[in-house]
Every structure is written in C-alpha cells, then in structure tokens.
1. Over the whole of A:136-145, what's the average partner chain Cβ count within 10 Å per residue? Rounded to a whole number, please.
2. Which of the peptides B:26-39, B:90-103 is most tightly packed, and how do the rest follow, judged by the mean count of other Cβ atoms within 10 Å per residue?
3. Can you compute the charge dipole magnitude of the protein assembly as shown about its Cα centre, using +1 on each Lys and Arg Cβ and -1 on each Asp and Glu Cβ, nothing else charged? Give it in debye, rounded to the nearest 20.
4. Using a cut-off of 20 Å between alpha-carbon atoms, which lysines can reach A:Lys138, once sequence neighbours fewer than 8 places away in the same chain are excluded?
5. What does a probe at B:Ala163 reach in segment B:80-100, counting residues whose amide N is under 18 Å from the point 7 Å along Cα→Cβ?
6. Calculate the mean, over all residues of peptide A:156-168, of how many other protein chain Cβ atoms lie within 10 angstrom of the residue's Cβ.
7. Please state the relative contact order of segment A:107-169 as a whole percent: Cα pairs under 8 Å, 6+ residues apart?
8. In percent, how large is the relative contact order of chain A, given Cα pairs closer than 8 Å and 6 or more residues apart?
Amino acid sequence: MTPEGPLAGPGIKTAPATAPPAEAARRGEQAARIVQRHGALIVLAVLLAVGGATFDTFLTAYNLGNLAVQASFLAVIALGMTMVIITGGIDLSVGSVYALSGVLAAYGAREWGLAGALLLPLAVSGAIGLAQGLLVGKAKMAPFIVTLGGLLFARGLLQFLTEEGSQTYLVPQTETAFLELGQGRLFGIGFPVLIALALFLIGGLVLQRTRFGMRLFAIGGSEDASSLMGLPVARTKVSVYVISGLLAGLAGTLNAAQLGSGVTVIGVGLELEAIAAVVIGGTLLTGGVGSVSGTLAGVALLYVIRDVINQVGGFDSSMQAVVNGAFLVVVVVMQTLLSRARRR
Amino acid sequence: MTTATAPAAAPGRARALGLVRDYGVYFALALLFLVNLVVTDNFLTADNLRTQAVQMVPTLVVALGMALVIGTKGVDLSVGSVMAITSALLPLYLGYGAGLSVGVCLLAGAAAGLLSGYLVAFVGVQPIVATLALLVGGRGLALVLAGGQLKDIRNPQLRELGAGSVLGIPYTVLIAAVLAVLVGLLVSRTTFGRQVVAIGGNPRAAQFAGLPVKRVLVTVYVVSGMLAAIAGVLATARLSASDPSRLGELIELAAITAVVVGGTPLTGGRVRILGTVAGAALMQLIVATLIKNDVPASLAQMAQALIIAAAVLVQREGNGSR
C-alpha cells in the first residue's frame, strides 16, 4: 500500500490541477453572466445604499413612493418595448401614442365618463399597434421605418385633436373613479405602481411560461429558423406590436388620470428612454435574449439616477441628460464586453 | 444590379416592381412636382424653388452621412445632437474669427463620430445604442455649453454664408450640392465606397476578404459626424442665431427616411446618393405642398407618415417569398 501512495499521489494531484482552472473559468463565466443579466439590479442596489447613506430624504417611503409613481408610466411602456425588442424589432411610436392616449382619455372622460376614458385611448392605441404590426409582420417592412411613421402619425393626430396644441382637455372632477385610478393608493402604494407591477408579473409569466413567450425568443433568435419550424411568425409579430401599442396607450391613460388632464407636450423622446431601460436591463437589441425583470430594474435605475442627481443638486436638466448619456455608454460597454467574454 | 434575382414566374411584373423600387422616388418626386404646378399658386417661381431648396439643406447634408452609415448596416441617431453641439460651439469662438469657429465645430463633429465609431467597431456595441447615448447626452451637453441660451450670431461672414447667394443660388444650397457630388463620387468611384458597400452586404465575408472593416466603420461615423456638424453650422448661419435646444430635433428620423425612401435599404449593402437627394427633396416637397395649400401642420404630418409608409412599402425588398 505504501509504495502506491506516491504513485497514486500524482494521479490524484493531476485531477485537481486541471480542475480548478476549468471550474474557475466556469465560475467567472457565471459571474459574467450574472453581471450581464442582473447588472442593472446590482448598480441599483449600490445606488440605493449610497443614496440612502448620503441623503436623509432619499430612502423615505414618501420619496420612493413618489419616484415609483413617476416611473410606473415608463415601466408600462418599457414592458411592451421589451417584448418587441426580444422579437428583434423596435417600436418608436410609443412616446407619441402615450401622449395621444392621455388626450383621448381626458376627452373620453369628459364625453362618456369612465368607460370612454378607458376604451377610447385603448381602442386607438391598439389600432395603431395593429396597423404597425401588419406592416411589419405581414408586409415585412422595417420596424424602424414603420414605427417612425407611427410616431409622426400619432403626434399629428394629437395636434389635430387639440387644434395644434392650443386646446387642453381636462378630466371632469366628477369622474372620481377614473381620477382615483391615477391618484389613489392602496397600503400607501400608488395605483399606477400596483398596475405596473401586476403587468410585469403577467408579462414575465407570458414570456417564461407560455408558448407565445417562447415564440418571441425563437423569432428574435432566428426568424428564418422559426419560420422553417412552422411558427406563425407574422401573427406573433402582429400581436407584439398590438401589445406594445396597448401598453403605451394604457400608460398614457393612467398618466391622464394622475394629472387630471391630457397634456400635449409629454412623451417626446420617451421611446428612447424606454429603449434605454430595456437595454440597460440586459435585453439585446439584436433580439432573442431578454427579460422583463431586467427592464423593471432598468426603469428603476433611470429614475433613481435622476433622483440622486436631483438630491445632489446644482445640476439642471441639461446636465442630467449628459449624465444619463454617459451612464448609458458605461452600462452598454460593460454589457457588451461581458457578453463577448462569455462567448469566448 | 438589384433586379438580377427576379423570379422567372412573372418576369414582367417582377421587372415592373423592380423599376418602381429603383426609380420610385423619382416618379413620386416628378408626380408631386406636376401636382404642385396645377394646385399650388406661384409654385414655379425662382423665389419659391429657392426657399424649398434652402429648407432642405440641413436634412440633405445629414442624410449624405446617414446614407454611408446605413450602407454599412448601421444607423446614426446622434446627428441632431451633434448639430445642437455645433450650434452651441459656433458663437463661443467667433472672437477668433469665423474660420476658427467653423473648424472647432468640424472637430467636434469628428470627435462625436469617433466616439460612436469606436463603440461600434472596436467595442462591438450595436449602432443604434452607441449613437443613442450621444443623442441623449449630446443635447444636454450643447445646452450646458451654451448656458441654455439662444444667442444672436453677429459675425458678418457667417451671416453672409447663411443669407448670401451667387448667381441667385444661395451659398448653403451650393455647399450642399458640392457635398452631395463629393459623397456620390466617394461611393461610386473610390475603394472606400466599395468597402462600405461590401461591409454592409456581408460583414463577415468582408472581414475574411481582408478589408479593414474596423477602420472603414470608424471613418463612416466620423464622416457622418462631420457632415452633421456642417449641417449645424449652415442651419445656425441661416437662422443667424445659435439655438441648441431646438436645432436638429428629429432630423435623424427625417434623414433616415430620406435615405431609405431614396433606395438605400436599412439592411445595408447598397448606397444611393442620388436617390438620397431625391428622397430629401420629396420629403421637403410633401410638407411644402400640404402647408402651401392650407392643410394644417398636423394633417401634413400625418400625411407625411402615410406617404413614407407607402413609399417604403413599394420599395421593400422582395425577401417575403423566401
């Protein structure tokens, strides 16, 4: 037995000698994947901790509650954008549809009460989404151009309805049920926040647990392969743009309920904020990879950064834009480098 | 060149479709011109044509760079913000002369392009995201540089550049025309132009063929940035005022549309400079036609959206049958 000891020694030793690097590499790879997938969440946690330690008014229920309500509208829009981007598309119309729906909701509330306030904007935003979906899915036009047309169209319709922005539609104060939807709270949490969270839960389940969700990933991964496998590519794409339109419309409706009026000047550039949130959340613009939880973290991150900049003070809105842009570069470069390291 | 893959089943129809696809923008432009001759008062006057030409200059100059970028399968969303940055920079150095001021602006445009190009070519960030960052941050930067204010441009040379003309042709239009010819020659007559098209057509094949892919990509974004800077200078000179908060708003979308309507596909691999010029003219004429005939701006915008959709629908590549 004793002579075998040293003989067996190298045998035993060589196994661990090769194993640790492989395992370390795997662990490194896992770490890289976690950072890429949940980078937004990690940065968010760090920012919350630092912000809470630095500013007394930051980590208060009042401040965070307000922040959450403001963020909920972008969150709802970004949820639809996530689905569109996972299929490899893009939806530039959401900012215009958001503003248009707010005006339609206020108008609907004035004319037909609660039903009008909800149905009119959703019908129009759904129709715009359907038209875009048909052009992208059936006519195979570039999503960028189609939804750019949607952006111009919705903004034009908004200007037309408000007589070139000169007319403001107010939600009548008697429409308490509708106003409550935007201003009410349950356990101290604003209704828009609860609605956004519920939608994200549903969206996550749809993406991860349903056949429809799987199709989105498959189409985004390889449209040709999906089509060869017999997936209903066109129909799925149409649905995705309808969902995105409806969610943008819902966000605008909730916003009108919160503000008590349809504001014509909002939503400009919102599509880019939504795309930024989705990308920061780890969804790839090339399609096929993404998650709604990442998007939620991305939206939260954008708003927390904005709030931290506000708390620091001394920065005006233009400086905030610079910081936002710089931050976007850092996050995207980090993600790209990490995902490249993972592929090697 | 592009009709080579026409299916044998319906050659006549396919050829007709191919013709519409390749020359649709010229047909549309000619048609709109004829419509205007009939319905619009004082359309065919030197004054009106000059106004139309002057108004399309910024979009056209930006679109020339955009055509190159789109040719490589990319897109440059930062052009509007680059225009805003140049508009903010221009008055800052006017004390040292107009030449130096314009030079600084061109450098700034090149730097912006270098940043986008580096992110795209060397880091591997998707073009839309790489340039989105500058779109978001650039306008903020412009406002910070300008102190958030609108400034009058009092420099006589710049005022002359914006308002003057030679033989009845405004300087800005002349400059845009020269740039269009230069970029057109760059695309059709130089190795660089062929490399752009090759990279857009198949990046991997271009890489294997030993083309300097990264260098070409960076160059394309630098050219786009510099052209955006020129557009910013021309627009600022034309206004005789620096307006970093509004200048170049949504111009990235107008330029992309002009390029695509002009026959350059968003999927890259082909660049049509003459088509881009026609596309920019078409966009300008659509808006002018509607507004001159007392159609409200909002309806004009909606009509523009529908016409864009129709134009692209006609032009789309026939890859649906695949």
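What follows is calculated from the coordinates using simple rules that are stated; it is not laboratory data. Remember, it's a predicted structure, so these values are computed and weren't measured experimentally. Heads up, the Cβs are rebuilt from the backbone with ideal geometry, glycines too, and the neighbour counts pull from every protein chain shown.
1. What the average comes to for A:136-145 is 5.
2. B:90-103, B:26-39
3. Magnitude of the dipole: close to 2100 debye.
4. A:Lys237
5. Residues passing the 18 Å test: B:91, B:98.
6. 3
7. The normalised contact order for segment A:107-169 reaches 18 percent.
8. 33 percent
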